[in-house]
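One structure below.
Nothing in this text is a laboratory measurement; each read-out follows from the coordinates by a stated rule. All values reported here derive from a predicted model rather than from experimental measurement. Counting neighbours? That spans all protein chains shown, and the Cβs are built from the backbone with ideal geometry, glycine included.
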Amino acid sequence: MTADLTLQIEENYSALSRAAARLVIRQLEEKPDSNLVFATGKTPLGMFDELAAAYQQGRISFENASLVELDDYYGIPLEDPRNLFNWLRRDFLDRVEFPLRNTARFLTDTSAPVEECARIEQFIAASGGIDLQVLGLGPNGHLGFNEPGSALDSGTRVVRLAPASLESSQRYWGEQPVPEYGLTLGLGTLAAARKTLLLVSGGAKAGILHKVLSSPLDPCLPATALHTFPDVLVLADREAAGALGD
Ligand code: F6R
C-alpha cells in the first residue's frame, strides 16, 4: 500500500454515505470550480441523497463545478434508462441543479467512438484535470469500466465488459439486457486525478476489497492501480471491511 492510500471504516452504509458527502462538500468549499467525476452504480446512491439534502438546505452549490462522466454503455442513447448519464441526471445532477453546460458526457450513439473518447480526454485537459473522483469497486476489481487486463496507463477508450460485470449489472436493469460494450475513462486518466474517493459497501465486496488492498499492482485486478494514484481515501463500511483483519 502506498503512503497516499488511506482506509477509513464507517459503521454502516448511512455513515459511509454521510462521510462521502462531507468530503464532496469540503472539496467544493475549498475549490468551488472543482472538476468532478462520480460513478453510477448502487454504492454512491446514499451519497447522492446526502448531497441533494445538503443542496436543499443551502449547504452546497454546484454552480461553478464541472463534471465528467466516468463511463457509459456504447450504443445506448441518452433517452434509454440504461444510459448512465441519464442515471446520473435522475439520481444526482437534476436534484442539485448541476449546470448541464458544465458537464461532459459520452455521446454513446456516436459512430466514431475513438474520436469521442479523445474529445472527453480533451475536455478533462482543457478543464485543468480531475480534482475529485468518487469511484465504486466492481465485483472483479474493475474501476469504471476498466476490466481485468486493462493497461495501468490506459486512456479513455471503448471496452468490452467482462462476464462478471455483465452479470452483476443485470440487477440494475431487470429484464433488459446489459449492453456488452462500454466507453470509460482509462486507468491512466484516473491516475492523474488529484483526489480519489473509493466507496465500498456490503459483505459481498469484502473479499475483493481485501484482495485489492493487499495485492501489488496487478493488471488482472484493475483497482490495484489505486496504489499509484496521488491521494486516495478508501471509505468502506464495516461489512465491506470484514475481511481486512485488525
Ligand atoms: C459505474 C462504474 C462501476 C461501479 C462498480 C460498482 O459507473 O463505474 O465501476 O462503480 O461496478 O457498482 P455498485 O456500486 O453497483 O456495486
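Restricting things to Cα coordinates, could you compute the convex hull volume per residue of segment 111-173 in Å³?
Hull volume over Cα atoms, normalised by residue count, gives 124 Å³.
Across segment 1-101, how large is the tail of the calculated P(r) beyond 19 Å, expressed as a percent of all Cα pairs?
47
Any chance you could get the radius of gyration and Dmax over the Cα atoms of segment 41-155, in Å?
That works out to 14.8, 44 Å for Rg and Dmax.
If you count the DSSP beta bridges with both ends in the chain, what percent of them are antiparallel, to the nearest 5?
25
If you take the Cα Rg of the chain and divide it by 2.2 N^0.38 Å, with N the number of residues, what do you get?
0.94
Evaluate the distance, in nm, between pseudo-label points positioned 7 Å from the Cα of residue 100 and of residue 160 along their respective Cα→Cβ axes.
Taking the two extended label points, one gets 3.5 nm.
Lysines within cross-link reach of residue 211: Cα-Cα under 25 Å, excluding same-chain residues under 8 positions apart?
Answer for residue 211, where 25 Å is the Cα cut-off: 42, 195, listed by chain and number.
Please report the net charge: other residues with Cβ closer than 14 Å to the Cβ of residue 78, K and R +1, D and E -1.
Result for the local shell: -3.
Consider all pairwise Cα distances in segment 155-214 and report the whole-number % of them above 14 Å.
71
Can you give the translational diffusion coefficient of segment 96-205 in µm²/s, computed by Stokes-Einstein from the Kirkwood radius over Cα pairs at 37 °C and 0.692 mPa s? Intermediate values should be presented prior to the final figure.
Working: Rh = 15.3 Å.
It diffuses with D of about 214 µm²/s by this estimate.
What are the ³J(HN,Hα) values, in whole Hz, obtained from phi via the Karplus relation 6.51 cos²θ - 1.76 cosθ + 1.60 with θ = phi - 60°, for each residue of segment 37-48 in sequence order, with x given for Gly and Pro?
Using θ = phi - 60°, the values come out as 10, 10, 5, 9, x, 6, 4, x, 4, x, 5, 4 Hz.
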